[in-house]
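Derivation of every value follows stated rules applied to the coordinates shown; laboratory data play no part. Treat the numbers as computed from the prediction; the structure is a model and nothing was measured. Cβ placement follows ideal geometry from the backbone for every residue including glycine, while neighbour counts extend to all protein chains displayed.
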Amino acid sequence: MSNLEKIKKQLTLPILCSPMFIISTPKMVIEQCKAGIIGSFPALNARPAEKLDEWLSEIEETLAAYKAAKPDARIAPYAVNQIAHPTNDRLEHDMRVCVKHKVPIIITSLQANAHIIEAAHSYGGVVYHDVTNIRHAKKAVSMGVDGLILVTAGAGGHAGTLNPFALLSEVRELFDGPIILGGSITKGNHILGAEAMGADLAYMGTRFIATEEANAEQSYKDMILASSASDIVYTSFFTGVHGNYLRGSIERAGLDPDNLASSDKSKMSFGSGGSSKSKAWRDIWGAGQGVGGITQQASVADTIAKLRDEYETARHRLNLDR
């Protein structure tokens, strides 16, 4: 049985929740995993660095206790996101902690990293790398990643510009391993659509920002509920890499979302875990174009239950339950 098959047997829905800076914490990850979808968080969210060990212990101990209480429940594995960028001076430390805990899934961003792949494979973990174009996909595959996360047009945060049909089709020509598709996926029928296109899992982030467990201030959650696709601004101004942000948060910061200068990648810095004082991510809020489909604030468990109902309804409509 492949690693992907083992993972999917633990899921109630084929979802990998994307790691969101500041927003994703053990509280949300635990509830996602208990409900049968893969929860994740960026290692850099644990501050100071020593906190990472505590977070991983909390997730593992809580899920183990839940499994003991409900032995028949499908409990998903969790994932940790590592920012493989030269300025991330925590990377070596954070990977040592992940190896210690044998984190099931490592998500790498910005650069595929051979040392991370080797470290994860040393204990049987897998590495999924996020890409926005075919060039990055080819490089990651050549380095031996176990799966690819396709971050296509309309995804929240740092996203690409390629249509999901186009990128997924091209990637499938060169890679037959696990593919996770992201980009405006907010409903159960979207998940089924991703599978129909040839993806193994759906990558969902924005859908969980307005959940009760998300570490986002209430005004951020309210803006998610009130926004639509037309309220998403794609710009490199804040981090040097193009990303999607809520127009309202840009305006609230006193900036004109229609007149933002371009910036370059040299502006990115993850030294000492990144600066919580920077406007990007703390004051400028990321979201994907699927935000218009999110109209209610609910718990993670209720959100996933609704996604499951939508997914099964879509299957029934297409007679896939026969």
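Per-residue ellipticity at 222 nm, computed for the chain from helices alone with -39500 (n - 2.57) per DSSP H run of at least four residues, works out to -11000 deg cm²/dmol.
Given +1 at the Cβ of Lys and Arg, -1 at the Cβ of Asp and Glu and no other charges, the dipole of the chain around its Cα centre is 200 debye to the nearest 20. Potential lengthening of the chain between Lys70 and Asp302 amounts to 81.7 nm, from the contour at 0.36 nm per residue minus the alpha-carbon distance. For Arg282, put the label point 7 Å out on the Cα→Cβ axis and report which residues of segment 23-65 keep their amide N under 19 Å from it. Inside the label zone: 23-25, 42-51. For Pro42, what is the net charge nearby, where nearby means another residue's Cβ is under 11 Å from its Cβ and Lys, Arg count +1, Asp, Glu -1? Local net charge: +1. Karplus-based coupling profile of segment 291-296, in residue order and whole Hz: 4, x, x, 9, 10, 9, with θ = phi - 60° in 6.51 cos²θ - 1.76 cosθ + 1.60 and x standing for Gly or Pro. With a 10 Å cut-off between alpha carbons and a GNM built on the chain, which of Val171, Val29, Val80 moves the most? Looking only at Val171, Val29, Val80, the biggest GNM fluctuation is shown by Val171. Projecting label points 7 angstrom from Cα along Cα→Cβ for Ala261 and Ser142 puts them 3.6 nm apart.
In percent, what relative contact order does segment 83-122 have, based on Cα pairs under 8 Å that are 6 or more apart in sequence? Display every interim value, and only then the final one.
Values: 21 pairs, mean separation 22.2, N = 40.
Here the relative contact order equals 55 percent.
Kirkwood Rh, the chain, all Cα pairs: how many Å? If you can, show how the numbers build up before the last one.
On the way: mean 1/r = 0.0508 Å⁻¹.
It is 19.7 Å.
Positive-end ranking of His242, Leu63, Ala261 along the dipole of the chain, with charges on Cβ about the Cα centre, is headed by Leu63.
Take each uninterrupted DSSP H stretch in the chain, measure its Cα extent along the helix axis, and return the ones at 18 Å or beyond whose mean Kyte-Doolittle hydropathy is at least -0.5. Span-like helices, by this rule, are 51-69. For segment 52-86 and segment 18-39, what is the separation of their C-alpha centers, rounded to whole Å? Segment 52-86 and segment 18-39 have Cα centres separated by 9 Å.
For the cross-link pairs Lys70/Lys221; Lys100/Lys221; Lys34/Lys139; Lys8/Lys67; Lys6/Lys70; Lys51/Lys306, the ones whose C-alpha atoms lie over 24 Å apart are Lys70/Lys221; Lys100/Lys221; Lys34/Lys139; Lys51/Lys306.
Within the chain, what percent of beta bridges assigned by DSSP are antiparallel, to the nearest 5? Provide the component values of the computation, followed by the final result.
On the way: 7 of 37 bridges.
Taking every DSSP beta bridge with both residues in the chain, the antiparallel ones total about 20 percent.
Remark: segment 195-240 carries a charge dipole of roughly 140 debye about the Cα centre, counting +1 on each Lys and Arg Cβ and -1 on each Asp and Glu Cβ. Can you tell me how segment 87-219 classifies by the Cα gyration tensor, rounded, prolate or oblate, using a/c under 1.5 as the rounded cut? It comes out oblate by the Cα gyration axes.
Give the calculated FRET efficiency between Asn319 and Lys8 to the nearest 0.05, with a Förster radius of 30 Å applied to their Cβ-Cβ distance. It would help to have the intermediate numbers written out before the result.
Details: r = 22 Å, r/R0 = 0.74.
The calculated FRET efficiency here is 0.85.
With the Cα gyration tensor of segment 110-150 giving a ≥ b ≥ c as the square roots of its eigenvalues, does the rule (a/c under 1.5 for rounded; else a/b larger than b/c for prolate; else oblate) give rounded, prolate or oblate? Spell out each step's value before the answer.
Values: a/c = 2.47, a/b = 2.00, b/c = 1.24.
Prolate, since a/c reaches 1.5 and a/b exceeds b/c.
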